[in-house]
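Chemist: Mind looking over this structure? Questions follow.
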There are 2 protein chains.
Amino acid sequence: MLDRFDPRLDPLPPAPDRGKLIRRLSRVLPRKALIVKAEGMRVFETDGLAAYRGMPAVVTLPGDTEEVRAVLEVCRDLGAAVVARGAGTGLSGGALPVPGCVLLGLSRMSRILDIDPVACLARVQPGVRNLAVSEAARPFGLFYAPDPSSQLACSLGGNVAENAGGVHCLKYGLTVNNVQGLEVVTMDGEILRLGGETLDAPGFDLLALLTGSEGLLGIVTEITVRLTPLPEATQVLLAAFPETRQAGQAVADIIGAGIIPAGLEMMDKLALTAAEAHTRAGYPLDAAAILLCELDGAPADIACDLERVRGICESAGASLARIARDESERQLFWAGRKGAFPAMGRIAPDYYCIDGVIPRRALPEVLDAIERLSREFGLAVANVFHAGDGNLHPLILYDAQAPGELERAEALGGAILELCVAKGGSITGEHGVGREKINQMCAQFAPAELETFAALKRAFDPQGLLNPGKAIPTLQRCVDHGAMHVHAATPSFAHLDRF
Amino acid sequence: MLDRFDPRLDPLPPAPDRGKLIRRLSRVLPRKALIVKAEGMRVFETDGLAAYRGMPAVVTLPGDTEEVRAVLEVCRDLGAAVVARGAGTGLSGGALPVPGCVLLGLSRMSRILDIDPVACLARVQPGVRNLAVSEAARPFGLFYAPDPSSQLACSLGGNVAENAGGVHCLKYGLTVNNVQGLEVVTMDGEILRLGGETLDAPGFDLLALLTGSEGLLGIVTEITVRLTPLPEATQVLLAAFPETRQAGQAVADIIGAGIIPAGLEMMDKLALTAAEAHTRAGYPLDAAAILLCELDGAPADIACDLERVRGICESAGASLARIARDESERQLFWAGRKGAFPAMGRIAPDYYCIDGVIPRRALPEVLDAIERLSREFGLAVANVFHAGDGNLHPLILYDAQAPGELERAEALGGAILELCVAKGGSITGEHGVGREKINQMCAQFAPAELETFAALKRAFDPQGLLNPGKAIPTLQRCVDHGAMHVHAATPSFAHLDRF
């Protein structure tokens, strides 16, 4: 297990008197919006990073903005920590309860308030599921582009908090590029309305600042997202390569040619072998790596660009580069990719999904270095990732029942992230920092930058009640973690020398 | 003239002892980097909003990041206000000197540090001209997309400070969507490195926060921008309409059809008449409004989409919809548009350019309302604007020599901006708030939102030295201005009832 919350290293407020907390909350919330019994709270103990658990003091499920404001007021008065939670699918422990906190679940605020097909906008409550937006927009020929793997379950509020990504984000942008307005309740009880129907707004860009702020600055109670016209047609090309390095080269060449795929995904041998066993997608088992390159748009453009992609892949050394013959084969190619994570269950009892980003040009050498680290730590690593934007998802395979393996998996994960930083990259592409990567923030940022984050946090939340101990480490934590900051490509501390 | 700086309403620091300031600065700057004589400082008295003037205490022109830091250190020690300036082409008075300030000009930091054609990135100093980036990138088949009209002269540092736009931003995004990294010196002397070669970064989105922060949060000393592949081909269609309303409808229909033009510009009768007299672009003088719709990409796609655009324009009632017959006619069509502002000199001695944004669907009614306001204030208004993203540029025609006309022009400008807010829009699309629109911020934002801006400002600049009296009004100013906040589409104060 990674670090427990530590009052010396994490800025946790003292747990308030629980009885008083419950009495105050029950005055402002209907009965169904307040859960105080342990068995009812159990489901809120963890999020998608299931190795971590914690019990809140109480769970609240407000039904509207006014109830959110009322909960925050009680917490402010009593000095209680507040941890917001969407669908609980996050992978970095962002919704992990801190000791004595009020868990604030947004699941009851799940209405789609408006679809405006002329302005191409949808206005939704934070508990609305990601895929539900696209479903509601489909009759108008529109969809919501950012598509995390968990899109069936994850909520828009959580997407905003983590600035979620997905396969389509290479072409259509991350959550921050598709959110156009937010209603936010701040810790001092103010309701901010940021952005809206028009594209630009004066003043500081609070909309971008709140997006990806991981529940540290305010509670999002309404979201206006941009909808994108459904493409006329979609096609996918599968390319197989004898060497991983060649696949990396093809990625660089496709992007370098000015082609912007709707998705450009890579799987290495271990990942594609497991996926093929799981899904029978028709992946070539003799390949060292495969690419899936999806293009969407007008049929004539796609046909033209697919031929260019095929040529690029062949020049890079592909042994196979073929276009899905029909829609059902296209779906099958993607089913293999989407099933790659669960497919890991065939080759190991547990896996730990890492989320680093690197400059595309560093792809081949970072894949080599991950392989070296994998041998060094004695744990297999499968790679399935958004190659087009350099967003790696190494899956570390381990057995939680084997003594020490979880710890070794976490140490290997940390080493991979610090490798990404050393190569000019970043420790998270779409999963957020949360509790999981708080120590790696010390490698990503210099003290001056961390201090700026902290000053910003204080500006919004002077008591430090919103999701404390997450995302932004204290300088003391960094000192204890022993990490010094490295700036891109100039590693200056010893344990990175091996890269 | 709009309000003078007023120590009661604007948070200006007291002017420091000028002799001491000069002595301290001369110790940290080379002789050429320090201007203290009035005749040398005269050129820095004003920016593109030339109706406002002010003399700084001293002008500094640091040559590198270290000198910028040294200047800020002196200002911090002596409590001097700091006003940053790029090329001085800004239209909202962002670089207007405040009384007793140190003007910090970035013009000597004008080197292109690196062009990386593989990663499609350019790393530049803040004084580099916008167009120079595209010129340097052209040999690699790349360009820098955001293109303010002033792109020949304006600097990247200024573009970042104002989150500058331009004709191409409809398709390629504003500055904030094209900046990938910043080096920033903060008022407390820290050097922040934000973003970089990879697309996402953990922590709060300081990159977006700093972009468009109008010199209030820090001084940008290095910028990494994304470069875009030059399109294979470019074409433009000119459509003429008997009624302005029809042109507005065509804009909505083009966007609604999922076509994303590289530029979609509208000119009304007054503007196109003046432009035609100035440039002889071949605009039809019997039209009430014209649209220029530019498409770029692969030749086959453009041909297909241009026919769709032509059909849409004709359905909306266009009396003419024709594609430029060759590249020289295309250039001529644009020359008319680009010359539209100077062409105003033919019909009035002076003009005042407004920069409001509205939801596209409100275009026809807002144009009607502007016409009513124009009659009410007795000043002609020509409209030339980025129709595709709802970014209006009403040009108010007046004569500065005629007593009271400048004041009337400013009052009309303010009324137009408040109209934009009342229709769910915003008071600036690309020019920034600066000094010009500080009172309209009171209409745009509620006190809670303004207080959040102020808290953020304090987090970066507790002494309030960076560009004081700009962009973010004090609550006292809003009380004095008599404006109350209206939220989109629900005007609640009397003087807006007429809309």
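Chemist: Order by neighbour count: B:Tyr283, A:Tyr144, fewest other Cβ atoms within 10 Å first, most last. Working shown, then result.
Modeler: Details: B:Tyr283 23, A:Tyr144 27.
Listing B:Tyr283, A:Tyr144 from fewest to most nearby Cβ atoms yields B:Tyr283, A:Tyr144.
Chemist: Under a point-charge model restricted to the Cβ atoms of Lys and Arg (+1) and Asp and Glu (-1), what is the dipole moment magnitude of region A:348-437 relative to its Cα centre, in debye to the nearest 20?
Modeler: On the way: 8 positive and 14 negative charges, 59 e Å.
Computed charge dipole of region A:348-437: roughly 280 debye.
Chemist: In addition: If you put a point 7 Å past Cα along the Cβ direction, how far is that point for A:Arg27 from the same point in each other copy, in nm, smallest first?
Modeler: Ordered by increasing distance: 5.9 nm.
Chemist: If one takes the longest principal axis of the Cα atoms in chain A, at what angle in degrees, from 0 to 90 and to the nearest 10, does the Cα axis of helix A:405-422 lie?
Modeler: 80 degrees
Chemist: Which value, to two decimals, describes the C-alpha radius of gyration of region B:18-105 once divided by 2.2 N^0.38 Å?
Modeler: Details: Rg = 12.1 Å, N = 88, 2.2 N^0.38 = 12.1 Å.
Normalised Rg, Cα atoms only: 1.00.
Chemist: Assuming R0 = 22 Å, what is the FRET efficiency of B:Glu371 and B:Glu314, from their Cβ-Cβ distance, to the nearest 0.05? Display every interim value, and only then the final one.
Modeler: Numbers: r = 26 Å, r/R0 = 1.16.
In this case the efficiency is close to 0.30.
Chemist: Taking θ as phi - 60°, what are the ³J(HN,Hα) couplings along region A:68-78 by the Karplus curve (6.51, -1.76, 1.60), each to the nearest whole Hz, with x for Gly and Pro?
Modeler: 4, 4, 5, 4, 5, 5, 4, 4, 5, 4, 9
Chemist: Mind listing the phi-derived Karplus ³J(HN,Hα) values for region A:218-233, rounded to whole Hz, using 6.51, -1.76 and 1.60 with θ = phi - 60°, and x for any glycine or proline?
Modeler: x, 10, 7, 10, 7, 9, 10, 10, 7, 9, 10, x, 4, x, 5, 8
Chemist: Cα convex hull of the protein assembly as shown: mean projected area in nm², to one decimal? Show your work: numbers first, answer last.
Modeler: Numbers: hull surface 155.5 nm².
That works out to 38.9 nm², a quarter of the Cα hull's surface.
Chemist: With θ taken as phi - 60° and the coefficients 6.51, -1.76 and 1.60, list the Karplus ³J(HN,Hα) couplings across region A:366-372 in order, rounded to whole Hz; mark glycine and proline as x.
Modeler: Along region A:366-372, the couplings run 5, 4, 4, 5, 4, 5, 4 Hz.
Chemist: Quickly estimate the mean residue ellipticity at 222 nm for chain A, helices only: each DSSP H run with n ≥ 4 gives -39500 (n - 2.57), and the total goes over all residues, rounded to 500.
Modeler: Numbers: 17 runs with 168 residues, N = 499.
The helix contribution divided over chain A gives -10000 deg cm²/dmol.
Chemist: Assuming a strict under-22 Å limit between Cα atoms, what lysine pair count do you get for chain B once near-sequence pairs (fewer than 8 apart, same chain) are dropped? Write down the numbers at each step before the final one.
Modeler: Working: B:Lys20/B:Lys32; B:Lys20/B:Lys37; B:Lys171/B:Lys338; B:Lys269/B:Lys338; B:Lys423/B:Lys437; B:Lys437/B:Lys457; B:Lys437/B:Lys470; B:Lys457/B:Lys470.
Qualifying lysine pairs in chain B: 8.
Chemist: Continuing with the same structure: So what's the net charge close to B:Pro231: Lys and Arg +1, Asp and Glu -1, counting the other residues with Cβ under 11 Å from its Cβ? All intermediate terms of the calculation are to be shown ahead of the outcome.
Modeler: On the way: positive: B:Lys171; negative: B:Glu232, B:Glu294, B:Asp296, B:Asp301.
Computed value for this residue: -3.
Chemist: Dipole of chain B, Cα-centred, from +1 at each Lys and Arg C-beta and -1 at each Asp and Glu C-beta, to the nearest 20 debye? Walk me through the intermediate numbers first.
Modeler: Working: 47 positive and 60 negative charges, 258 e Å.
The dipole magnitude comes to about 1240 debye.
Chemist: Lys/Arg Cβ at +1, Asp/Glu Cβ at -1, dipole of chain A taken about the Cα centre: which of A:Ala257, A:Gly158, A:Gln331 is farthest positive-ward?
Modeler: Going by the charge dipole, the pick is A:Gly158.
Chemist: Going highest first, how would you order A:183-193, A:151-161 by mean Cβ packing within 10 Å?
Modeler: Working: A:183-193: 20.0, A:151-161: 26.4.
Descending packing order for the listed peptides: A:151-161, A:183-193.
Chemist: Just how far, in whole angstrom, is region B:175-205 from region A:214-243 if you go by their alpha carbon centroids?
Modeler: 24 Å
Chemist: Mind putting together the pair-distance distribution for region A:112-229? All Cα pairs, 10 Å bins, whole percent per bin, short to long.
Modeler: All Cα pairs, binned at 10 Å, distribute as 15, 50, 30, 4, 0 percent.
Chemist: Would you mind calculating the relative contact order of chain B from Cα pairs under 8 angstrom and at least 6 residues apart, reporting the percent as a whole number? It would help to have the intermediate numbers written out before the result.
Modeler: Working: 1118 pairs, mean separation 75.2, N = 499.
15 percent.
Chemist: For chain B, give me every cysteine whose Cβ has no other Cys Cβ within less than 4.7 Å, ordered by residue number.
Modeler: Among the cysteines of chain B, those whose Cβ sits 4.7 Å or more from every other are B:Cys75, B:Cys101, B:Cys120, B:Cys154, B:Cys169, B:Cys293, B:Cys304, B:Cys313, B:Cys353, B:Cys420.
Chemist: Extending each Cα 7 Å along its Cβ direction at A:Arg408 and B:Ala51, get the distance between those two points in nm, one decimal.
Modeler: So the label points at A:Arg408 and B:Ala51 sit 7.4 nm apart.
Chemist: Whole Å is fine, so just give me how far the alpha carbon centre of region A:92-121 lies from that of region A:296-373.
Modeler: First find each Cα centre; the distance between them is then 31 Å.
Chemist: If we hang a label 7 Å off Cα along the beta carbon direction at B:Ala300, how far is it from the matching labels on the other copies, in nm, shortest first?
Modeler: 0.7
Chemist: I've got another one for you. Counting other beta carbons within 10 Å of each Cβ, put A:Glu307, B:Glu294 in order, fewest first. Numbers along the way, then the final one.
Modeler: Details: A:Glu307 12, B:Glu294 26.
Ascending number of Cβ neighbours within 10 Å: A:Glu307, B:Glu294.
Chemist: For chain B, take the longest principal axis of its alpha carbons; what is the angle in degrees between that and the long axis of helix B:18-28, to the nearest 10 within 0 to 90?
Modeler: Result, in degrees: 90.
Chemist: Assume the label is 7 Å from Cα along Cα to beta carbon: what separations in nm does A:Glu73 have to the matching positions in the other copies?
Modeler: Ordered by increasing distance: 4.9 nm.
Chemist: Arrange B:Glu45, B:Glu265 by Cβ neighbour counts within 10 Å, fewest through most, would you?
Modeler: The order, fewest Cβ neighbours first, is B:Glu45, B:Glu265.
Chemist: What is the helix-to-structure angle for A:447-460, meaning the angle in degrees between its Cα long axis and the longest Cα principal axis of chain A, kept from 0 to 90 and rounded to the nearest 10?
Modeler: Roughly 50 degrees between the two axes.
Chemist: Give me, ordered by chain and number, the residues 5 or more places off A:Leu121 or on other chains with an amide H under 5 Å from its own placed amide H.
Modeler: A:Asp116, A:Leu227
Chemist: Let me ask another. For region B:78-135, max minus min Cα coordinate along each principal axis, in Å, sorted largest first?
Modeler: 46, 27, 16 Å, listed from the longest principal axis down.
Chemist: Still on this structure, I have one more. Take every Cα pair under 8 Å in region B:348-437 that's 6+ residues apart, average their separations, divide by the length, and report that relative contact order as a whole percent. Show your work: numbers first, answer last.
Modeler: Numbers: 148 pairs, mean separation 36.5, N = 90.
Taking the mean separation of contacting Cα pairs over the length of region B:348-437, I get 41 percent.
Chemist: Would you kindly work out the equivalent ellipsoid of chain A from its C-alpha gyration tensor and give its semi-axes, the square roots of five times the eigenvalues, largest first in whole Å? Don't skip to the answer; put the middle values down first.
Modeler: Working: eigenvalues 281, 155, 82 Å².
So the three semi-axes of chain A are 37, 28, 20 Å.
Chemist: Relative to the Cα centre, what is the charge dipole magnitude of region A:18-105, using +1 at the beta carbon of each Lys and Arg, -1 at the beta carbon of each Asp and Glu, and rounding to the nearest 20 debye?
Modeler: Values: 13 positive and 8 negative charges, 75 e Å.
The dipole of region A:18-105 has a size of about 360 debye.
The numbers here are math on the coordinates, done by the rules we state, and not lab data. Predicted model, so just to flag it, every value in this text is computed and none were measured. Reconstructed Cβ throughout: ideal geometry from the backbone, glycine too, with neighbour counts over all protein chains shown.
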